[in-house]
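Each remark here refers to the structure printed beneath this line.
The values are calculated or read from the model by the stated rules, or taken from the named source; none is laboratory data. On a predicted model such as this, the values are computed, not experimentally measured, just so you know. Quick reminder, even Gly has a Cβ in these numbers, built from the backbone with ideal geometry, and neighbours come from all protein chains shown. These area figures cover heavy atoms from the full protein model, side chains too; ligands, DNA and RNA do not enter into them. Shrake-Rupley method; radii C 1.70, N 1.55, O 1.52, S 1.80 Å.
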Amino acid sequence: MAKTFGMLFGIVFLAVGILGFVPGVTKDEMLLGIFHVNTMHSVVHIVSGAIFLFASMAGAAAASLWFKIFGLVYAVVAVLGFMNPNGPLLGMMSNNPATTWLHVALAAAMLLIGFASPKQSAA
C-alpha cells in the first residue's frame, strides 16, 4: 500500500511543484487561484516528489518510513501555518489558510498511510 501511494504522491508532488512555475496556472503566486506558492515552495514540492518516488522504488518499508517522517514534517508545517496564517513560513515559504488546511489534510493522509501500512517481512 505505501509503495503504491508513494508513487502516486511522488507524481502529484512533482506535478504541483512544476505547475508552481507555469504562469497560466500560477498567477500572482497563487496556484489555481487558491494556494499561495513561491519559488521555494515549488522547489520543496519537486524535491519531496522525487524523494517519494525514490523511496517507493526502494520498497514498501522505505515508502512507509518516508510517509511517517514526511507526515510529521507536514504536521509541523501546518502548525506553523496556523501561527502565521498569511505570512511566510520560516521567512521563506509562502502560506495562506487554504495552504495550511491542505497541509493538515496531507499530514493526516501521510501519517495514516505510513502507520497503517502492513509490516513487510525481510523474506
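Some observations on this one:
- Residue match in segment 17-29 (condition: open to solvent by 40 Å² or more (accessible area, probe 1.4 Å), within 20 Å of Leu111 (Cα to Cα) and within 15 Å of the chain's Cα centre (by Cα)): no
- Test result for Val73, in a helix (DSSP H, G or I), among the aliphatic types (A, V, I, L, M) and either closer than 16 Å to Gly114 by Cβ or touching a Lys or Arg at 6+ places or on another chain (Cβ under 9 Å) (or both): yes
- Selection count, segment 1-45, where residues are in a helix (DSSP H, G or I) and among the polar types (S, T, N, Q): 3
- Any chance Leu53 is open to solvent by 50 Å² or more (accessible area, probe 1.4 Å) and not basic (Lys, Arg): no
- Residue check for Val37: farther than 17 Å from Ala107 by Cα, surrounded by 13 or more Cβ atoms within 10 Å (Cβ to Cβ), in contact (Cβ under 8 Å) with a residue 60 or more places away in the chain and touching a strand residue (DSSP E or B) at 6+ places or on another chain (Cβ under 8 Å): yes
- Qualifying residue in segment 54-68 (condition: in contact with a strand residue (DSSP E or B) (Cβ under 8 Å, 6 or more places away or on another chain) and either under 18 Å from His103 (Cα atoms) or outside any loop (DSSP other than H, G, I, E, B) (or both)): no
- Scanning segment 1-16 for residues that are surrounded by fewer than 20 Cβ atoms within 10 Å (Cβ to Cβ) and at pLDDT below 95 gives Met1, Lys3, Thr4.
Let's see how each residue does on (1) touching a residue at least 12 places away in the same chain (Cβ under 8 Å); (2) surrounded by 14 or more Cβ atoms within 10 Å (Cβ to Cβ):
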site: Tyr74; (1), (2): yes, yes
site: Gly81; (1), (2): yes, yes
site: Asn84; (1), (2): no, no
site: Leu90; (1), (2): no, no
site: Asn96; (1), (2): yes, yes
site: Val104; (1), (2): yes, yes
site: Met110; (1), (2): yes, yes
site: Gly114; (1), (2): yes, yes
site: Pro118; (1), (2): yes, no
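- Only one entry in Val79, Val73, Val47 is more than 26 Å from Thr4 (Cβ to Cβ) and β-branched (Val, Ile, Thr), namely Val79.
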